[in-house]
Amino acid sequence: MTNPTTSQKPADESAAELLDSTGGQVTAEAPRPQAAAEAELRLPEGLIPLLPVRDSVLFPGTVLPLEVGRQSSIAAVQYAVKAQGPIGVILQRNPEDNEPRQETLFEIGTIGQVLRYLARPEGASHLICRGEQRFRILELVEGYPFLVARVERIAEAAPEPSAVTEIDARMLKLRERAVEAIRLLPDAPEGLKESIAAITAPGTLADVLASFMDLKSAEKQQVLEAIDLVTRLDRVLWFVSYRLEVLRLSRDIGERTRQTIEGRQREHILREQLRTIQKELGEGEEQGTDTAELAEQIAKAGMPPEVLAQADKELKRLKRMPEAAAEQSMLRTYLEWLAELPWTVAEGDPIDIAEARQVLDEDHCGLEKVKKRILEYLAVRKLNPTGHAPILCFVGPPGVGKTSLGQSLARTMKRKFTRVSLGGVHDEAEIRGHRRTYIGAMPGTIIQAIRKAGARDCVMMLDEIDKLGRGVQGDPSSALLEVLDPAQNGTFRDNYLGVPFDLSRVVFICTANMLDTIPGPLLDRME
């Protein structure tokens, strides 16, 4: 419903307020010179001047402010003012039509009385018109400087005795829903409910409510054309009920939003309102399902308390973040990395030295010294699984079986095997990872290999360690020192993850073509 002070008013209310708001001088007593001859016209009985309007509907019993700009319309209004007679206000079918004809006008309009008329110097005129009675156009009469029509006045029919009960029931329900809708309006004027309650005629009640409501002009015209009282009440009741449901839903959304954002900072208000509206429309459910699945994966990952607290914090940020945010995709990828890393270690079978010898003999012919040293290495790890064993480095030209020896070692230990190629690596970030603030950031190759292996106690081969480079982005060999040092790799911190990851259960082995190009600090940690 709309504020009646800006649209239409019951006929018994004063129109002075609308007059004062427009300014200007009343010119009803002094018509324009070009209209002097028109003022001397006298229309025969049954003919009235017509005022076609583009987007307004005047109802009987209401007051409507209008603006006219066409010369023919101004002449019709001036004639009605001078003759102190009625004027027919009727809606155009096409608002863009500047020369309305009978076929471009609706058939039914409202006979009105001009209460005030104001002429503007720039040409447009303003008037305040009070609706009195419906009429039907029979025919347009030519020969006048404005539209003139022969009309049939439509009197308000008295209800049939058999329909009095139905009309009273509809009127009661209409008044009840109208009062409730007014109560839900945030800027309802004072005394509006009392004015509606004071209307006793059912037809007048339907017309007044239709004039107040924010309906389209075509919908108001439907009410105006409803001559039958029951039909008119049903139409207005439907419009009022629809508007009431919209107001109720708006109130419920506002109430739920207020409860959700209570205690939060002001900048979150629009975000929470958007989430509430999306929930009502059935949108955003896919994102909620994704975050729920991600939360379940995080709960099952077995993270340490420090890592789990960080993951929960970022997950809460993700839930509050709109789907169109630029950071949303990056944050989701980060949480997926945390959830998919192997944080726990399953208890494996003990090392069987006899079986290890058999596997080595099956995979490799010869290499007795190498196989003997591997068996000694396995025997020591069997006696002390958590001890700081040396890092084996297989040195030799390409094609002698260095990588296959590492795979055989993983088979004998019943662990997963993964390989990291270090040839040509010259950026420290390729070992430690990139910070998440950079576009396209990823974890380092060490963390990527562990995720690919799916086990924290895998056998990781650092291939071609003698071909490490060094550039302006840092020294990757210094980052490898932390990876291979048993006193530090228990809390290895990748720049992308930002949380410590335990590498102490990883079995590192290296390969090289020559020892001369291996950095000295790294060579000291290898056998």
- Message: Out of everything in region 49-84 that is closer than 14 Å to residue 129 by Cβ and among the polar types (S, T, N, Q), what residue ends up being surrounded by the most Cβ atoms within 10 Å (Cβ to Cβ)?
- Response: 78
- For residue 242, all conditions in the list (1) under 20 Å from residue 171 (Cα atoms); (2) open to solvent by less than 60 Å² (accessible area, probe 1.4 Å) hold save one; what is the number of the exception? (2)
- Query: From the residues in region 116-137 that are of a type in the set (D, E, K, R) and touching a residue at least 60 places away in the same chain (Cβ under 8 Å), which one is most open to solvent (accessible area, probe 1.4 Å)?
  - Reply: 116
- For residue 408, are the conditions met, namely being in a helix (DSSP H, G or I) and open to solvent by less than 20 Å² (accessible area, probe 1.4 Å)? yes
- Given region 82-178, what strands (runs of 3 or more DSSP E) lie entirely inside it while holding 3 or more residues that are more than 17 Å from residue 47 (Cβ to Cβ) and touching a strand residue (DSSP E or B) at 6+ places or on another chain (Cβ under 6 Å)? 108-119, 125-141
- Message: Residues that are among the acidic types (Asp, Glu) and either surrounded by fewer than 20 Cβ atoms within 10 Å (Cβ to Cβ) or in a loop (DSSP other than H, G, I, E, B) (or both): does region 429-445 have at least one?
- Response: no
- If we scan region 183-193, do we find a residue that is at pLDDT 85 or above, open to solvent by 40 Å² or more (accessible area, probe 1.4 Å), within 26 Å of residue 165 (Cα to Cα) and outside any loop (DSSP other than H, G, I, E, B)? no
- Message: Name the single residue that is least open to solvent (accessible area, probe 1.4 Å) among those in region 490-527 being assigned to a loop (DSSP other than H, G, I, E, B) and farther than 26 Å from residue 442 by Cβ.
- Response: 518
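The values are calculated or read from the model by the stated rules, or taken from the named source; none is laboratory data. If you're wondering where the values come from, they're calculated on a predicted model, not measured in any experiment. So basically every Cβ, Gly included, is an ideal-geometry build from the backbone, and we count neighbours across all protein chains shown. Note: areas computed on protein heavy atoms with side chains; ligands, DNA, RNA excluded. Shrake-Rupley method; radii C 1.70, N 1.55, O 1.52, S 1.80 Å.
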